[in-house]
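The values are calculated or read from the model by the stated rules, or taken from the named source; none is laboratory data. Bear in mind the structure is a predicted one, so any value in this text is a computation, not a measurement. Neighbour counts run over all protein chains shown; Cβ positions are idealised from the backbone, glycine included.
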2 protein chains.
Amino acid sequence: MRVELGLNAVIVAVTEEVPRILTVPRSGPAEALEDALPFGPLEPDTDRTLDLGLRRWVREQTGLELGYVEQLYTFGDRYREPRETQGGPRGVTVAYLALVREVSVRRDARWRDWYEFFPWEDWRSGRPEVIDRAIAPALDAWVKSSPEPHLRQARRQRADIVFGLGGVGWDGERVLERYELLYEAYLVPEAWRDRAETGGAAEKRRPAPRERPELLPSRPMAFDHRRILATALGRLRGKIKYRPVVFELLPPTFTLLQLQRVVEALAGVRLHKQNFRRLVETGGLVEGTGRQDSQTGGRPAELFVFRREVLRERPAPGVGLPGVRRAVS
Amino acid sequence: MRVELGLNAVIVAVTEEVPRILTVPRSGPAEALEDALPFGPLEPDTDRTLDLGLRRWVREQTGLELGYVEQLYTFGDRYREPRETQGGPRGVTVAYLALVREVSVRRDARWRDWYEFFPWEDWRSGRPEVIDRAIAPALDAWVKSSPEPHLRQARRQRADIVFGLGGVGWDGERVLERYELLYEAYLVPEAWRDRAETGGAAEKRRPAPRERPELLPSRPMAFDHRRILATALGRLRGKIKYRPVVFELLPPTFTLLQLQRVVEALAGVRLHKQNFRRLVETGGLVEGTGRQDSQTGGRPAELFVFRREVLRERPAPGVGLPGVRRAVS
DNA sequence: TCTGATATGCTCAGAATGAGCATAGGGGGA
DNA sequence: TCCCCCTATGCTCATTCTGAGCATATCAGA
């Protein structure tokens, strides 16, 4: 079996307080169109580095010139592409995260709200109702469906930790763990699709439930792309805390509320306005321009720019989120 | 040109307060033996996942059974392996970080103090003298050798940031940036070796200095393995702050000072003992066993165990290092 | 028994954090 | 015109966390 190396891009932009990712249509099972992440091969003869290869085909396919790009993870599980079951090559993919401001794209690519893929991740208007209405009961059933008591206990604990149930707090960064749990519990359509497509190859390790549970209302993706997307979201949520990457998503000048809204969109939580402002200003991350924006609907807000010098002054500045502790209660 | 996918392992253990990595000998240029990281191919037909493939050949090659394993980064720059220049395949490698307790290994593998590869990273006995004696002057020369003034300015700034010169603080996590800077400035032998081996392919982009500067006293590695190692060290230094991974390196029971010494070995700095202890204990990371260790050379110390439940109680506990701020001065 | 270790408990000042009150200064509508 | 609604911005305050150090406990060995 050959190995085929591909490159995947999770391209993120935030507009109107909505975090969006760039998707391309891909014909899935039964001719249905599924969203996929932009995908391209590495040209080993011409692409000097992996990320230059990525930039090349993103430019070719969508007309988008990527700025900030960061390697995410390399996915190489067997059967991540169904053609493998038909003797096709083993597909290994290096996934990248890119942050852009630009929003116009060519061809059939389109921007989608990433919370359509993960409705349980958006806590900006409070705890998402899908958790208590659908996820918690479905996971309860998943826990109970386990034959052995100590296995049930392990499932219970895992469900509690990743979804913050039973008194455990919500950890915004555990996006991937949550998606993977839902996948294992057969609560997302991809689980059933992959089971059918791989001809039961994975069935031994991960038996499907006898009764088909009700699927969660969320948008699926082709291949394992929703897993890749979950990886990206989790990574980005972590990263904004200790590196000033948000500014890649903002125009050159912005108000502090705009900045806050973008951070909130990514983190999926609301922040205390005055404290956020204090953190950002005393942290030296931004600098006032003296100019004002009067489109605020209230008192005009000062326009700020990102202070690139901050990178040289302090080791690891981020925008700061509440409740970021490293240890201690 | 074909693409060939390999797997690399940075296998870390800490014994006697020395962080060690597992290396294998590899014949380098002029028959000299260079250290290399353990390396193996992915068997696309049998290895279900990338990390299972890694575990397989590490077991086969060294007899070591890996526990904690984490994907680090995928390296795919052109000419990272010299055989590419002779029409060989484009070598892409997925690097993994593994933490182990076990120290006995088969074959010709051997453990090496990782600070032999990065002497400037060990600040446990204060600022390493190599920085002021060798690195700072060499970087000064590198800055001055730049023809354009604003390029000089950029070089100066970069050198200051990554090595904490000119009043900028030292950031323990920037291990890779430091190594890459030294490589670019032709202060490590790999820079010269690669230049010779690739037949000047990279020379255009990165001209060598006219005068050959004195190399730093540090141990080189084959291929780009020192770059991979630097990635691992930086990642691990970051990770111990927010995930309890240190315990993978410790025996089941340990004293608080042992724990502290291991953290210090990885972080490369000394910590305030009482504060470290407060952080770890009030953080609920460990639990006393009531038993004591009287090998301390002083008052006997209580033996502790890692409290795995902490993972369920709090989102992201780490062992805590001083000076970890997310923003603000 | 004294000395030299390390372990462990405790204090205290300064900094950071979370929450909220108060005032400023726009625009739009009565 | 003036009032009201809205967002911006400044400031306070209690609580918690952090960094640093002092003091005492308990062992081994001289």
Quiz prompt | Residue among B:ILE161, B:ILE135 that is modelled with pLDDT under 90, buried (at least 19 other Cβ atoms within 10 Å of the Cβ) and over 30 Å from B:VAL3 (Cα atoms) | solution = B:ILE161
Exercise. Quick one: A:THR23 ticks every box in (1) buried (at least 22 other Cβ atoms within 10 Å of the Cβ); (2) facing another protein chain (nearest Cβ under 10 Å); (3) touching a residue at least 24 places away in the same chain (Cβ under 8 Å); (4) among the polar types (S, T, N, Q) except a single one, so which number is it?
Key: (2)
Quiz item: What residue, among those in segment A:88-129 that are of a type in the set (A, V, I, L, M, F, W, C), part of a loop (DSSP other than H, G, I, E, B) and in contact with an Asp or Glu (Cβ under 9 Å, 6 or more places away or on another chain), is modelled with the lowest pLDDT?
Solution: A:VAL100
Quiz item: Only one of (1) among the charged types (D, E, K, R); (2) surrounded by fewer than 19 Cβ atoms within 10 Å (Cβ to Cβ); (3) within 14 Å of chain A (Cβ to nearest Cβ) fails for B:ARG219. Which number is that?
Solution: (3)
Exercise. May I ask you to verify whether B:ARG56 is outside any strand (DSSP E or B), crowded, with 20+ Cβ neighbours inside 10 Å and within 14 Å of another protein chain (Cβ to nearest Cβ)?
Key: no
Quiz item: What residue, among those in segment A:26-53 that are part of a strand (DSSP E or B) and within 14 Å of another protein chain (Cβ to nearest Cβ), is farthest from A:PHE247 (Cα to Cα)?
Solution: A:PRO41
Quiz item: In segment B:114-147, what residues are under 15 Å from B:GLU211 (Cα atoms) and in contact (Cβ under 8 Å) with a residue 40 or more places away in the chain?
Solution: B:ALA138, B:LEU139, B:ALA141, B:TRP142, B:SER145
Exercise. Starting from residues that are in contact with a Ser or Thr (Cβ under 9 Å, 6 or more places away or on another chain) and within 14 Å of another protein chain (Cβ to nearest Cβ), keep the ones in segment B:182-205 and report whichever is modelled with the lowest pLDDT.
Key: B:ALA201
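Going by the structure shown, is A:GLY284 more than 23 Å from A:GLU16 (Cα to Cα), within 14 Å of DNA strand D (Cβ to nearest atom) and modelled with pLDDT of 85 or more? Outline the logic, then answer.
Working: more than 23 Å from A:GLU16 (Cα to Cα): yes; within 14 Å of DNA strand D (Cβ to nearest atom): no; modelled with pLDDT of 85 or more: yes.
Spelling it out, it is not the case that A:GLY284 is more than 23 Å from A:GLU16 (Cα to Cα), within 14 Å of DNA strand D (Cβ to nearest atom) and modelled with pLDDT of 85 or more.
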Quiz item: Of the residues in segment B:287-305, how many are loosely packed, with under 12 Cβ neighbours inside 10 Å and either of a type in the set (S, T, N, Q) or closer than 24 Å to B:VAL245 by Cα (or both)?
Solution: 4
Quiz item: Out of (1) buried (at least 18 other Cβ atoms within 10 Å of the Cβ); (2) at pLDDT below 90; (3) assigned to a helix (DSSP H, G or I), what's the single condition that is false for B:THR85?
Solution: (1)
Quiz prompt | Total residues in segment B:254-267, condition more than 14 Å from chain A (Cβ to nearest Cβ) and either more than 12 Å from DNA strand C (Cβ to nearest atom) or assigned to a loop (DSSP other than H, G, I, E, B) (or both) | solution = 5
Quiz prompt | segment B:59-77, residues that are aliphatic (A, V, I, L, M) and either in a loop (DSSP other than H, G, I, E, B) or within 11 Å of another protein chain (Cβ to nearest Cβ) (or both) | solution = B:LEU64, B:LEU66, B:LEU72
Quiz item: Does A:TYR179 meet the test of being outside any helix (DSSP H, G or I) and either surrounded by 19 or more Cβ atoms within 10 Å (Cβ to Cβ) or away from chain B (no Cβ under 13 Å) (or both)?
Solution: no
Quiz item: Restricting the search to segment A:269-289, which residues are more than 13 Å from DNA strand C (Cβ to nearest atom) and more than 14 Å from chain B (Cβ to nearest Cβ)?
Solution: A:GLU287, A:GLY288, A:THR289
Self-check item: Sole residue being within 30 Å of B:GLU190 (Cα to Cα), under 26 Å from the mean Cα position of the chain (by Cα) and not β-branched (Val, Ile, Thr), chosen from B:ARG261, B:ARG227, B:ARG243
Solution: B:ARG227
